[in-house]
Amino acid sequence: CKTFKNTRVKSVRVLSQRWEYEERHKKMPIDVFRISSSRQIKVSLKLSIRAYELLKEEYPLAEEYIQPIGYRKYLFTAPVCSFEGIGRFVLGLYNEIEVIEPQEFKVFLKNRAKKILTDAC
C-alpha cells in the first residue's frame with residue numbers, strides 16, 4: 001500500500017473497473033510531518049521559543065502535541081512514523097532543540113550528522 005499526498009496528485013480518472021484486492025489495502029497513520037507508516041514511535045523534544053514557532057508554522061498539526069514547560073520552553077511529544085521528517089526538522093534547528101527520547105532517534109541524528117560531514121564536498 002502506498003499513501004500519496006493530495007498536493008502531489010495532478011489528476012484523477014475514474015475507471016469503470018471495480019476496485020480489486022480491497023481487503024488487502026490498509027489505512028496507515030500519517031504523522032504531523034506528513035510521513036505515513038504502519039509503525040509509530042513516540043518522540044519527545046524540548047523546544048526553544050524559535051523552534052516552537054517554526055514547528056507550528058511549518059507543521060500546523062504539531063500544535064496539539066506541544067505544551068509549555070517553562071519560560072520560553074516547550075515540550076513536543078508525538079508519535080512519528082519515521083525519523084526522516086522529524087529528523088530534517090531537528091537537524092535544521094539542532095541548537096534550538098533537545099531530544100528527550102527515544103535513544104533510537106538520538107542515534108539516527110548522530111549517524112545522519114556524521115553522513116553529512118563525510119559526504120560534504
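The values are calculated or read from the model by the stated rules, or taken from the named source; none is laboratory data. This is a predicted model, so every value here is computed, not measured. Ligands, DNA and RNA are excluded from the accessible area calculation, which covers all protein heavy atoms including side chains. Shrake-Rupley method; radii C 1.70, N 1.55, O 1.52, S 1.80 Å.
From its DSSP helices (H runs of at least four residues, each -39,500 (n - 2.57)), the chain gives a residue-normalised ellipticity at 222 nm of -9500 deg cm²/dmol. When the P(r) is computed for segment 10-60, the part past 12 Å accounts for 79% of the Cα-Cα pairs.
Partner lysines whose Cα lies under 24 Å from the Cα of residue 5, excluding those fewer than 8 positions away in the same chain, are identified as 26, 27, 42, 56.
With all protein chains in place and a 1.4 Å probe, the accessible surface of the chain carries 51 percent carbon and sulfur. Tell me, rounded to the nearest percent, the portion of alpha carbon pairs in segment 58-121 spaced more than 20 Å apart. Result for the distance tail: 31 percent. Legend: P(r) of the chain from all alpha carbon pair distances, 5 Å bins from 0, whole percents, reading 2, 10, 17, 19, 16, 12, 9, 6, 5, 3, 1, 0.
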